[in-house]
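Have a look at the structure below before the remarks.
The values are calculated or read from the model by the stated rules, or taken from the named source; none is laboratory data. Computed from a predicted model, the values in this text were never measured in an experiment. Cβ placement follows ideal geometry from the backbone for every residue including glycine, while neighbour counts extend to all protein chains displayed. These accessible areas exclude ligands, DNA and RNA; they are computed on the full protein's heavy atoms, side chains included. Shrake-Rupley method; radii C 1.70, N 1.55, O 1.52, S 1.80 Å.
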Amino acid sequence: MKRILIIFLTALGIVGAGAAVAVFFLDIDLKKVVAQEEKEPTAEELAARSFSMEPLTTNLSSDHFAVVQLNLLADHEKSYKELEVRNPELKAIVISTLAGLTKADLKESEGLEKFEDTIKKEVNKVMHDGKVERVLVTDFKIQ
């Protein structure tokens, strides 16, 4: 019985050593192997998690008004369903955020990026079943 156990442990050690030598000499990068398994989502997967809001028209803090339409990318489909249910809250967040901004705040691309980041942070505060990964301004007009 001891002899079988010794043979088994020796064989196991040889196999383990062979695997270690293969990783070392073949220069296998385990991080790259794991990264390949965590591939980017396909366009269809992204579309299934992409929530488009209806265009909103609201006053800015200056004497102008803005028409804006947003697209929110959820981290998974469960989050997408929550965005659908929370649509009135989303509208309120966008309107209250725009009400504190002026035309000059939104004039350049940096201003729009800041607006997108603010919306993302505020929406993620009310989310329970996930989060919004990205906010895109898909239509924007100031008058």
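Geometric descriptor of the chain, per residue, is 179 Å³ (volume of the convex hull of the Cα atoms). Per the Cα gyration tensor, region 78-122 maps to an equivalent ellipsoid with semi-axes of 23, 12, 6 Å, ordered largest to smallest.
Accessible surface of region 38-143, 1.4 Å probe: 49 percent of it comes from carbon and sulfur atoms.
Within region 69-142, the GluC sites (Glu not before Pro) that combine a DSSP coil assignment with at most 10 other C-beta atoms in a 10 angstrom radius are Glu108.
Using bins of 5 Å that start at zero, the share of Cα-Cα pairs per bin across region 69-143 amounts to 3, 16, 29, 25, 14, 8, 4, 0, in whole %. The calculated 222 nm mean residue ellipticity attributable to helices in the chain amounts to -17500 deg cm²/dmol, summing -39500 (n - 2.57) over DSSP H runs of n ≥ 4 and dividing by all residues. Taking every protein chain into account, the 1.4 Å probe leaves Ile6 with about 110 Å² of accessible area, to the nearest ten. With all protein chains kept in place, the per residue accessible area of region 50-128 amounts to 57 square angstrom at a probe of 1.4 angstrom.
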